[in-house]
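The values are calculated or read from the model by the stated rules, or taken from the named source; none is laboratory data. It should be emphasised that the depicted structure is a prediction, and the values quoted were computed from it without experimental measurement. As a convention, Cβ positions derive from the backbone with ideal geometry for all residues, glycine included, and neighbour counts pool all protein chains shown.
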Amino acid sequence: MLGRLYKRIAAPIDPFLFALVALLLAFACFVQLSASPDRIQAQLMNTLIGLLVMWIAASIPPQRLQHLAVPLYVLGVLLLIAVALFGDSAKGAKRWLNLKVMRIQPSELLKIGMPLMLAWYFQQREGLLKARDFFAAIVLLAVPVGLIAKQPDLGTAILVLSGGLFIIFFAGLSWKLIAPVIIAGIIGVAAIVSAQDQICAPEVRWPGMRDYQKHRICTLLAPASDPLGKGFHTIQSSIAIGSGGSFGKGWRNGTQTQLEFIPERHTDFVFAVISEELGLIGNLGLLIAYILVIGRGLIIAANATSVFSRLLAGALSLSFFTYAFVNMGMVSGILPVVGVPLPLISYGGTALVTLCLGLGILMSIAHNRTFLQS
Amino acid sequence: MEFKTAEEEISRFRKRVLAATVFVLICFSLLIARFVWLQVVRYDYYRTRAEDNRISLVPIEPNRGLIVDSQGVVLTRNYSAYTLEITPARVANLDATIDELAALVDIQPKDRKRFKKLLDESKTFESLPLRNRLTDEEVARFIAQRYRFPGVEIKARLFRQYPNGELASHLLGYIGRINDREKKEIEEDEERAANYRGSDHIGKAGLEQSYEEELHGITGFEQVEVDAGGRAVRSLARTPAVPGNKLILTVDIQLQKIAEEAFGNRRGALVAIEPGSGGVLALVSKPTYDPNLFVDGIDPQNWDALNNSPDHPLLHRAIYSAYPPGSTFKPFMALGALTTGKRSATAVISDPGYFWFGNHQFRDDKKGGHGLVDMHKSIVVSCDTYYYSLANDMGIDLIANFMGQLGFGSRTGIDISGESTGVLPSPAWKKKRFKKPEMQKWYAGETISIGIGQGYNSYTIMQLAHATATLAANGVMYKPHLVKYVVDARTGDKRTIEPQPVKTVPLKQEHIDFIRKAMIDVTKYGTGARAFAGVPYEVAGKTGTAQVFSLKGEQYRAHAVDERRRDHALFIAFAPAHDPKIALAVLVENGGFGAESAAPIVRQVLDYYLLGKVPQGAAPEQPGEE
């Protein structure tokens, strides 16, 4: 009886991925006990909800998931338009929609909805793929990304955009088109870095960007230019990481953490806490765990049986990578500060649920391949 | 065909997965490189930065040294009180904030004015006091509402207090907030700058200024762990402050008080010195002021009152103002005549009541003159004609040379600043003083009135007392000083400020004895006899009246002259005459005759110092009223 129940529960779970996720979630609680012990109960609650969502997602076969792609995407875009029209403003950004009963952040929906939609689209075009399909995919991607960037919410826009681009990449967009974009990007970054004195002058306005976004990039280039203002986050998190050294100052012994020099130390900057208290060793351990999650995800993608599953699994894995890389990059001062959490570690229920949903979908794809083969 | 396409598709997808894997690994390698850079290569740098973040050195202000008089009476003390302070840079709307604070704490218009003045004088990131000496209730009320007032704090501070108020204010001086100029000066010396990190106040005048180094003490430091908001979390280490050293003065505050009260509301100065050591027993400048007003930053109203008063209470008359010595100069002239051999004690002149020089008549004070006058009589009756002719006989160079040896015309070196040199007239001085060639020349006629302490003669009362003390000490000149001991705050060791004999003026004892005798007779039978009627000790003294304005061709009548244009009254004395314990000089501005208004002050001071007699509350007589 118990054995059957266990089988019923364990059936959709990918053991390897689950072990990694469980390890990371336990680690998150461990870190939060140092960074923000008051929130540990909420953290445990979020963890349970996350695991439940993951199990539910893992239980839904990809074929059924396909049917959700279009409605989810359409709903997401409509809600984004609603936010732009009627949304609540907080700290100069319009991100929330007040539905009387609850406030929702529709951009979060697109983190899953976007890859789902594009994977579905390429599934439809299987075998008939033409250049204009990629163009159509880019339009489908640009609409919600543009709406989110306009809110403005650069972090989420990057995550949604990268999720979509990964689908397009895996769908087989020609290298001839990818290469120039990458080269242009490298040149652009190099240009900004070398010309920072001119373009960071206060009177210069950057087309298509808000002032605070420009400041984030400029303070990344020269954090010392504004040590108490906009450079404060970057400087303090760099100090936290650097002073952690190879082995860290010990759990709950980080002075930067405990004396509140690290801003947002339980959410976006939690990585600085890990670095300071657990050192380079801790960082490498975390990186290895992330590589294993991403690697497992990519293996699942490589072995998936349908175009939809394949693309979705690949994009979800790389999205997970985007979270990790952008967050650690910004906290360690090589990327501008944008609102991207450290996956599975940062405090915050919404992000955790979204990530668990993605991991659950990965498990579902893994499970259904074996199911079909047997 | 269809199947093959699917196979191709899968293989292409797998290549893409491989490319993605490479991309992920490159990106993560980049991160690892960054971590190694921060955590291994730059570890020392960031560890130091983190420590700097965490540890803050909080200076501990040392207790300022006390000043006590020769009898141990406390003249300055410290007390701890709460102040309400504002850091203007952290407050958006100062006026609105002060208005809101006024609802919790009593804030007077003068507090606002003083704050505005401080604000103009300082940098906005400094914490400036708005209200001092908060009551416990006010502190409690503010603490409860503190969250509403970022940039406003309550601080426990040490305050300087001068318990005797206006008494002896010129010699004690006062402390005040460190201003920009002083700050720059302090910052020039690194060690000093560190020692003043916790100090807002510095000695500005008097002993508070000149003994600043002794009184300040050594600032302690507390290593405090602070959080990002700058709040202290815990103390890590503490180096306690070393309090400033205590000064024990030569001044007897009771004597000072009697001297100050003897002036009543008249203006003037008095300096009393112990001849055998140079220790200053009393240093009076009237009117005085309340040094307590300056400690917290003086409010504009009080400042204007002090600054614009016609009596100039801030002026240190004893050491800064220079006056003609009048007839108190005569004993020194006589001593000069004997020492240089220009006139013998027995030489007699005839005084018809005037002295002719060229075609100018120099009048004697006494109409019709004193008749036959020798040196003894010239001092006892204060005969002008005698000294007109003596000055003429000696010549300006000899006079200047002799008077210079007694310290006239140079600073005495007393241990507070603000001393002026006065003027010892000489051809050399005149040449330096004036620009026009015709003004630079010394005329022999100018020498004549030098003999009676008029003309260009101009000395501080400090110099006059100093010369009198030198005479009393038989020519041994000591550097005058107010501080007798410096008591080390840590060890309790008493460091004596040794009497420093500056020099011995080459005088013959018989000459000194002769002058002394003449000066004793001044108080027995001469111009000072009335003031010293019935004294049980012997006093050597000399009256003096210094002309403020010359009245050409008119008889000087005190009642007819505007009060401010009346003569200054002077008196010098030492007693007991044969074993001097005290020598002093006194000047009453516009006091008229020295015998009338200056001598009674000296009598009261001597009676107290030598007999312990406290005057019977009788109000000193008013100038010109007999």
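Just a few scattered comments:
- Scope segment B:289-345; condition hydrophobic (A, V, I, L, M, F, W, C) and in contact with a strand residue (DSSP E or B) (Cβ under 6 Å, 6 or more places away or on another chain); matching residues: B:Phe294, B:Val295, B:Ala318, B:Ile319, B:Ala322
- Only one of A:Leu65, A:Leu17, A:Leu79, A:Leu51 that is in contact with a strand residue (DSSP E or B) (Cβ under 9 Å, 6 or more places away or on another chain) and closer than 30 Å to A:Arg310 by Cβ: A:Leu79
Yes/no matrix, rows are residues, columns are (1) in contact with a Phe, Trp or Tyr (Cβ under 7 Å, 6 or more places away or on another chain); (2) not charged (D, E, K, R):
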site: A:Thr234; (1), (2): no, yes
site: A:Ser243; (1), (2): yes, yes
site: A:Asn253; (1), (2): no, yes
site: A:Glu276; (1), (2): no, no
site: A:Leu287; (1), (2): yes, yes
site: A:Ser306; (1), (2): no, yes
site: A:Ser309; (1), (2): no, yes
site: A:Leu316; (1), (2): no, yes
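- Residues that are under 21 Å from B:Ile298 (Cα atoms) and basic (Lys, Arg) within segment B:142-170 comprise B:Lys155, B:Arg157, B:Arg160, listed in sequence order.
- Breaking point among (1) more than 21 Å from B:Asn78 (Cβ to Cβ); (2) touching a Gly at 6+ places or on another chain (Cβ under 9 Å), for B:Glu137: (2)
- In segment B:8-44, of all residues being more than 7 Å from chain A (Cβ to nearest Cβ) and hydroxyl-bearing (Ser, Thr, Tyr), the one that is farthest from A:Leu284 (Cα to Cα) corresponds to B:Ser11.
- Of the residues making up segment B:387-424, just one is closer than 24 Å to B:Ser344 by Cα, crowded, with 17+ Cβ neighbours inside 10 Å and without any contact (Cβ under 8 Å) to a residue 40 or more places away in the chain, namely B:Ala400.
- Meets criteria (farther than 30 Å from B:Glu208 by Cα and free of Cβ contacts under 8 Å to residues at least 24 places away in the same chain) for B:Tyr443: yes
- With respect to the conditions (1) in contact with a Lys or Arg (Cβ under 9 Å, 6 or more places away or on another chain); (2) within 14 Å of another protein chain (Cβ to nearest Cβ), B:Gln108 lacks only one, and its number is (2).
- The helices (runs of 4 or more DSSP H) found wholly in segment A:121-212 and carrying at least 1 residues that are of a type in the set (Phe, Trp, Tyr) and either surrounded by 21 or more Cβ atoms within 10 Å (Cβ to Cβ) or away from every other protein chain (no Cβ under 14 Å) (or both) occupy A:131-150, A:154-170.
- Among the residues of segment A:346-363, some residue qualifies, meaning at least one is surrounded by fewer than 20 Cβ atoms within 10 Å (Cβ to Cβ) and of a type in the set (Ser, Thr, Tyr).
- A:Asp88 fulfils the conditions (1) among the acidic types (Asp, Glu); (2) closer than 24 Å to A:Leu116 by Cα; (3) without any contact (Cβ under 8 Å) to a residue 60 or more places away in the chain except for a single criterion, (2).
- Residue identified as touching a Leu at 6+ places or on another chain (Cβ under 7 Å) and under 26 Å from B:Thr460 (Cα atoms) among B:Glu225, B:Glu260: B:Glu260
- Failed item, numbered, when A:Glu260 is tested on (1) outside any helix (DSSP H, G or I); (2) in contact (Cβ under 8 Å) with a residue 40 or more places away in the chain; (3) facing another protein chain (nearest Cβ under 10 Å): (2)
- Any hit, segment A:349-371, residues being under 10 Å from the mean Cα position of the chain (by Cα) and within 14 Å of chain B (Cβ to nearest Cβ): no
Quick grid of which residues meet (1) at negative phi; (2) of a type in the set (Val, Ile, Thr); (3) modelled with pLDDT under 95:
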{"residue": "A:Ala289", "(1), (2), (3)": "yes, no, no"}
{"residue": "A:Leu292", "(1), (2), (3)": "yes, no, no"}
{"residue": "A:Gly297", "(1), (2), (3)": "yes, no, no"}
{"residue": "A:Ala302", "(1), (2), (3)": "yes, no, yes"}
{"residue": "A:Thr305", "(1), (2), (3)": "yes, yes, yes"}
{"residue": "A:Leu318", "(1), (2), (3)": "yes, no, no"}
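- Any hit, segment B:158-181, residues being acidic (Asp, Glu), modelled with pLDDT under 90 and assigned to a helix (DSSP H, G or I): yes
- Filter result (more than 8 Å from chain A (Cβ to nearest Cβ) and either modelled with pLDDT of 90 or more or farther than 18 Å from B:Ile175 by Cα (or both)) within segment B:52-61: B:Asp52, B:Ile55, B:Ser56, B:Leu57, B:Val58, B:Pro59, B:Ile60
- Test: B:Asn457 is touching a helix residue (DSSP H, G or I) at 6+ places or on another chain (Cβ under 9 Å), surrounded by 20 or more Cβ atoms within 10 Å (Cβ to Cβ) and not hydroxyl-bearing (Ser, Thr, Tyr): yes
- Failed condition for A:Ile334, given (1) facing chain B (nearest Cβ under 7 Å); (2) surrounded by fewer than 21 Cβ atoms within 10 Å (Cβ to Cβ); (3) part of a helix (DSSP H, G or I): (3)
- A search for C-beta distances below 9 Å between a residue of segment B:83-111 that is within 18 Å of B:Glu138 (Cα to Cα) and any residue that is among the small types (Gly, Ala, Ser) and surrounded by 11 or more Cβ atoms within 10 Å (Cβ to Cβ), counting only pairs 6+ apart in sequence or on different chains, returns B:Glu85/B:Ser127; B:Ile86/B:Ser127; B:Ile86/B:Gly151; B:Thr97/B:Gly151.
- Here is the figure for segment B:115-126: residues that are basic (Lys, Arg) and either modelled with pLDDT of 85 or more or touching a helix residue (DSSP H, G or I) at 6+ places or on another chain (Cβ under 7 Å) (or both) total 2.
- Checked against (1) in a helix (DSSP H, G or I); (2) surrounded by fewer than 24 Cβ atoms within 10 Å (Cβ to Cβ), A:Ala301 meets all criteria but (2).
- Sole residue being more than 8 Å from every other protein chain (Cβ to nearest Cβ) and of a type outside the set (A, V, I, L, M, F, W, C), chosen from B:Thr76, B:Thr5: B:Thr76
- Going through (1) farther than 15 Å from A:Phe325 by Cα; (2) more than 10 Å from chain B (Cβ to nearest Cβ) one by one, A:Gly248 falls short only on (2).
For every residue, the table says whether it meets (1) under 11 Å from the mean Cα position of the chain (by Cα); (2) among the aromatic types (Phe, Trp, Tyr); (3) more than 10 Å from chain B (Cβ to nearest Cβ); (4) closer than 30 Å to A:Gly242 by Cα.
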site	(1), (2), (3), (4)
A:Ile291	no, no, no, yes
A:Ile299	no, no, no, no
A:Ala304	no, no, no, no
A:Phe308	no, yes, yes, no
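- Options B:Pro325, B:Pro310; residue that is more than 14 Å from chain A (Cβ to nearest Cβ) and in contact with a Phe, Trp or Tyr (Cβ under 9 Å, 6 or more places away or on another chain): B:Pro325
- For segment B:145-185, the set of residues classified as over 14 Å from B:Gly203 (Cα atoms), buried (at least 16 other Cβ atoms within 10 Å of the Cβ) and of a type in the set (D, E, K, R) consists of B:Arg157, B:Glu166, listed by residue number.
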